[in-house]
Structure formats: C-alpha cells, structure tokens
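These notes are about the structure you will find just below.
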Amino acid sequence: MVVDVLYLIAAVCFIFALKGLSSPQFASRGNYCGIVGIVLACVATYISVGVSCAFYTLIAIAIGGGIGSCIATRVSMTDLPQMVAGFHSLVGLAAVLVAFSACFAPELFEIIGINGVYKSSLIEMGLGSAIGAVTFSGSVIAFLKLDGRYKGSDVPVFVNTFLLSFVICLLIYFVTTEIVSVFILLTFLSFVLGAILIAPIGGADMPVIVSMLNSYSGWATSGIGFTLHNDLLIITGAIVGSSGAILSYIMCKGMNRSLLDVIFCSGQANSSNKNGDSSDVSKTCKNGSAEDAAFILKNASSVIVVPGYGMATSQAQHALKEMGDILQKEGVKVRYAIHPVAGRMPGHMNVLLAEASVSYEDVCELDEINRDFASCDVAYVVGANDVTNPAAKHDTSSSIYGMPILEVGKAKTVLFLKRSMGVGYAGVDNELFYAQNTMMLLGDAKKTTEDIIKAL
Amino acid sequence: MDCCFRDFFDHFNDLMFMHMASMAPPECASSGIHGITVFVLACFVGYYVVWRVTPALHAPLMSVTNAISSVVIVGALLAASQNIYGFSKTFGFLAIILASVNIFGGFIVTHRMLDMFRKK
C-alpha cells in the first residue's frame, strides 16, 4: 500500500514537472518536482523488493549517474539535439532489456498465472520490446545524422512496410506460442526496422524525428508498465508519449506536412526541385559589407533578428546579443523572431538565445511577430533560409508550398547572413536573395556580426 | 500559489481515480482493461498539460520528458534485485546503468537550460 501511494505521488510529481514548463519563471521548480518523483519511484521499488541487493543496484546507479552527469555538464547547447537523440536511444535499450528480463524470469515480476504467463503481459512484453528496439536504433541513426557522421541513405518504402508487417506477424506468433526465440527474432528485426525507418529522412525533417522518437520512448515505457502491471510506468509513459506526439504535430504543422509524409515520402521532396535552381544563373543579388550593414542598422528604428540553424553552427548568439545591446542603447527596438521548425529540435533557437542571455520577452513566436515585419526597418536573418522563403506562399510546385513562413521580405531592408548562396535543406532556391531590398552578407555569421559590431 | 494548489488537487484526484481503477489484482479477467483505463486517462492528462507548455520551452520539455521516461528504471531495479544470478539479473543491471545515465543527464541538462532562461 505504501509502495502504491509513493508511486502515485511520483506520478503527480512528473505531471508537475511538465506543468512547470508553462512559464520560464517557475520551470526550475518543475524540474525539481521531476527529480523528487524519480527518487520516490526508486525508493518505493526498494521498499517493495527489499534492500538485499541494494548494494549492486546502487553501484549501477552510480556508474550510470556518473556517465550521465559528465555528458550533461559538458555538452554545448549547439549539440543539444544529438545529445537528446542519444539519450532517447538509452531509454529504448533499457526498455528492451527489461522486457527480456521479464521474458526470461516471468515469475519474478508476478506475471505468471495458472495457465502460464498472462496473455496480456505477453502482448505488452512484445510491444514494449519492439517499440524500445525501434526507439534505440532509430535514435542512434538520428544521433549520427545530427552529429554529421552519417549522411543517410535511401530505403524503398516497401521494405519498411514489409518489415513492419512481418514484425507484427511475429508479435502475434509470439503471443500465441510463447517461444522465446521468436521473441528474440522479433526484437532483432525491430532494431533493423528502426534503423531503416530513420535512415532516409532528411535534415530538415529532423525536428519532427527527434520529437517522434521522444514519443516512442514514452510508448515503450508504457508497454513495459503494462507488462509489469505497474501504474507509474503506464502513466509516465503515456504522458511522455503524448508530449512527444504533440511536439511532432506542432513541428509538422510548422512545415505544412503530415507525419506520414515525413516518415514515408521524405526522399521525394528534394528531387523535384533540383532542376529549378541551376537554371536561374542570370539572377543577380546585392552583396554588402559589414560597414554598409552597420550603417543601415544604426539608422533603423526597429530591427527583427531571425535566427536559424546557421546561428547554431557558427555560435553567433553571443555576438548577436552584443549587437542587440549596442543597437538598443542607440534607441533601436530589437526583437527576435523564431520559426517553429528553426534549428534541429523544437525550441533549439530559444535555448541558444537564452544562453546568450537574451531576455525571453524580446523573443517572439511566428504568429506574434509576423505582422510586424511590414512595419520594421531591418530584418536581420542569421543562417535561416527555408523558413523565410516566399515560394512557400505562391509557388504551388515548390516542395515547401503551404509552409507558414516568416515574412521577412516585407521589411524595408533584409540583411541575409549566409555562408554561401547555396539552397537550404529543402533544396529550394530562395528568390528573396535577388530581391531589391535584400543585401547578402556572405561568410561566417559570427564573424560578420562581430565585424558589424566593430563598425558600429 | 493558491491556483497551483488547486491544480495539484485536480491532478491528484484524476490520478487517484485512475489508480483506484487499476487496483484490481492482475489475475482478474478485466485487468487488461484497467491498465488501458489508466493509460487512456494519462494520455489525456499529458495532452492538456503539454499544450500549455510555452513554445520557448520546448527544448527543456524534450529533455525533461526524456529524463522522466527513464522511470523504466523501476522495472530494471525489480529485475536486478532477484536472488538468482542469470540473464535476467544481468539485463536488469545493464538497464539500471542505461536508465540512470538518462535520469542524471536529462535532469542536469534541463537544469542548465532553465538556468539560462531564468537569468535576465
């Protein structure tokens, strides 16, 4: 009874951990709630199994905790997406291991009845293990892609579909026959499935994939909860699962794509537009220097900064903040506009700006600020491309057609900081580069911004 | 603060109800349904809580959900705490290590991020 109550309190703590995130001021408190929750969950488990083996398990926790703390304190905020993907893979693998444990020693988890292991437990054991395995290998691939170590490869859709249906058949076979080797094969194939599901997905879709894997890790936890008849795991898994699902939905809406499109048709979006950008060599764009840009910025009355992944790779956020401060001292109104899919994971840009101590009141979401571009003097675009591309509004043949964009073209002057004139991840040329009011500042975003600061 | 407490009791009542629903012993025929009841209700709780998260905090949201989904450590502790040595215990031991990497890593990185949001 004590154990059940402790589990219940832990579940409430987890809900508070998420609820705390509804405002930046109280978010830390939520995080502490989460820590209390997980400690209570462990204490409750120790109460229920006795402390006879506590020594070994505490050693295991210490080893894992040491590794985890080392990684988490050292990781830079730019590398956050790959770290989160890497951590998802660990949850997946842990779920697989627990499912195997339950499969080999069902009596330990009290899931054996008069007629052998409960059928319901078998279904969920298989499901938990399969989802866990997909989460593991999928996250490993996502990690390698985000870290730039693996470029991705095309996998025909029918292979995925075939493998998925085969895994489902195996699951049914396992539940009816209870053969352990089928369970092992099922898990092994799920590992393969996870890898080939994520391998063909492109860089622009990574925010969706990272949040989708987040959701999977939740469902895997839930599956294990069903197997072990543990409410805490079911509740936590369901909450994490729905959180990841909502994030994927928001990201998909930010790109005007459906989740199925992202998962199955990812390769097609790129190919159709490749011929479009090479033909327009006649277009010219205006290149500017840092001094020109500084002059324009100084004479502006309001500036909107639009950060993208380029800001993360060049670590330009601190220079941006410094520039913003100088401009604000001169009486210029500086704000930051963040597109939902900017960066490689949901909220990535916000964290980077917060790292540079930009006040979150100056940071606006797409809907809040889009109307203000028309009245602002300068839009300062740092390494963002597709999220500003007007082709999304009028070019029905474009692969990004229908995606909500930041309407930077409406500003009096657009300053584009880019490494090269290359296309963005969607592979679509941006007509804004050639517009009358656009000035391109080619080069490293951090260096260019620092030059502007000097010129100011 | 008052509002906070009211929310607390709201959630507490939700969960209490879900918990009561699932208290039935596993051997009873409808135990599967009780588990699913808990699951579905928790999905709704999750849905409403997560929609209220401000978009600026979506990155910390991901890392904190990542940390709390490592509550699967409960299953690992059960597996590792048995007295017979074997596959099951070894797997449990490994799962504890993996899950605790996640718990510590997830909460610490969330803390780092939130610290950045707090300072002006």
(message) From the Cα trace of segment A:208-247, what convex hull volume per residue do you get, rounded to a whole Å³?
(response) 33 Å³
(request) Take the cross-link list A:K253/A:K321; A:K253/A:K393; A:K286/A:K418 and give me the ones stretching past 20 Å between alpha-carbons. (result) A:K253/A:K321
(request) For helix A:231-255, report the angle its Cα long axis makes with the longest principal axis of the Cα atoms of chain A; keep it between 0 and 90° and round to the nearest 10°. (result) 30 degrees
(message) What are the extents of the Cα atoms of the protein assembly as shown along their three principal axes, in Å, largest first?
(response) 80, 54, 37
(message) Can you list residues from other chains, or at least 5 along the same chain, whose modelled amide H is less than 5 Å from the amide H of A:G343?
(response) A:Y309
(message) Compute, for chain A, the length of the dipole vector about the Cα centre, with Cβ point charges of +1 (Lys, Arg) and -1 (Asp, Glu) only. Units Debye, rounded to 20.
(response) 420 debye
(request) Please turn the phi angles of segment A:299-305 into ³J(HN,Hα) values with the Karplus equation 6.51 cos²θ - 1.76 cosθ + 1.60 (θ = phi - 60°), one per residue in order, whole Hz, x for glycine and proline. (result) 8, 7, 10, 9, 10, 10, 8
(message) Can you compute the helix-only [θ] at 222 nm over chain A? Use -39500 (n - 2.57) per DSSP H run of at least 4 residues, normalise by all residues, nearest 500 deg cm²/dmol.
(response) -19500 deg cm²/dmol
(request) Would you tell me the mean number of C-beta atoms belonging to other protein chains that fall within 10 Å of each C-beta in A:38-49, as a whole number? (result) 4
(request) Calculate what fraction, in whole %, of the accessible area of segment A:111-206 sits on carbon and sulfur atoms when a 1.4 Å probe is rolled over the protein chains. (result) 76 percent
(request) Could you tell me which of rounded, prolate or oblate describes segment A:315-383, using a ≥ b ≥ c as the square roots of the eigenvalues of the alpha-carbon gyration tensor, with rounded for a/c under 1.5 and, failing that, prolate when a/b is larger than b/c and oblate otherwise? (result) oblate
(message) I need the Kirkwood Rh of segment A:99-173: take the reciprocal of the average 1/r across all distinct C-alpha pairs and report it in angstrom.
(response) 14.7 Å
(request) For segment A:373-383, just list the computed ³J(HN,Hα) in residue order, Karplus coefficients 6.51, -1.76 and 1.60, θ = phi - 60°, integers in Hz, with x standing in for Gly and Pro. (result) 4, 4, 9, 9, 7, 10, 9, 9, 9, 10, x
(message) Can you classify segment A:283-455 as rounded, prolate or oblate using the Cα gyration tensor, where a ≥ b ≥ c are the square roots of its eigenvalues, rounded means a/c under 1.5, and otherwise it's prolate if a/b beats b/c and oblate if not?
(response) rounded
(request) Could you tell me, in Å, what Rg and Dmax come out for the Cα atoms of segment A:289-334? (result) 11.0, 30
(request) Between the alpha-carbon centers of segment B:42-103 and segment A:153-227, tell me the distance in whole angstrom. (result) 19 Å
(request) Let me see the pair-distance distribution of segment A:1-74: every alpha carbon pair, 5 Å bin width, integer percents in order. (result) 3, 16, 17, 18, 20, 16, 7, 3, 0
(request) Kindly identify segment A:78-269 as rounded, prolate or oblate by the Cα gyration tensor criterion: order the square roots of the eigenvalues as a ≥ b ≥ c, call it rounded if a/c is under 1.5, otherwise compare a/b with b/c, prolate if a/b is larger, else oblate. (result) prolate
(message) Distances longer than 16 Å among the Cα atoms of segment B:55-120: what percent of all pairs is that?
(response) 53 percent
(message) Please list, in order along segment A:348-357, the HN-Hα scalar couplings obtained from phi with the Karplus expression 6.51 cos²θ - 1.76 cosθ + 1.60 (θ = phi - 60°), rounded to whole Hz, x for Gly and Pro.
(response) 4, 5, 4, 5, 5, 5, 5, 4, 7, 6
(message) I'd like the per residue volume of the convex hull spanned by the Cα atoms of segment A:33-189, given in cubic angstrom.
(response) 150 Å³
(message) Roughly how large is the A-B contact in terms of buried accessible area, totalled over both chains, probe 1.4 Å, nearest 100 Å²?
(response) 8800 Å²
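The values are calculated or read from the model by the stated rules, or taken from the named source; none is laboratory data. Because the structure is a prediction, the values reported are computed rather than measured. Neighbour counts run over all protein chains shown; Cβ positions are idealised from the backbone, glycine included. When the accessible area is computed, the model is the full protein with side chains, heavy atoms only, and any ligands, DNA or RNA have been set aside. Shrake-Rupley method; radii C 1.70, N 1.55, O 1.52, S 1.80 Å.
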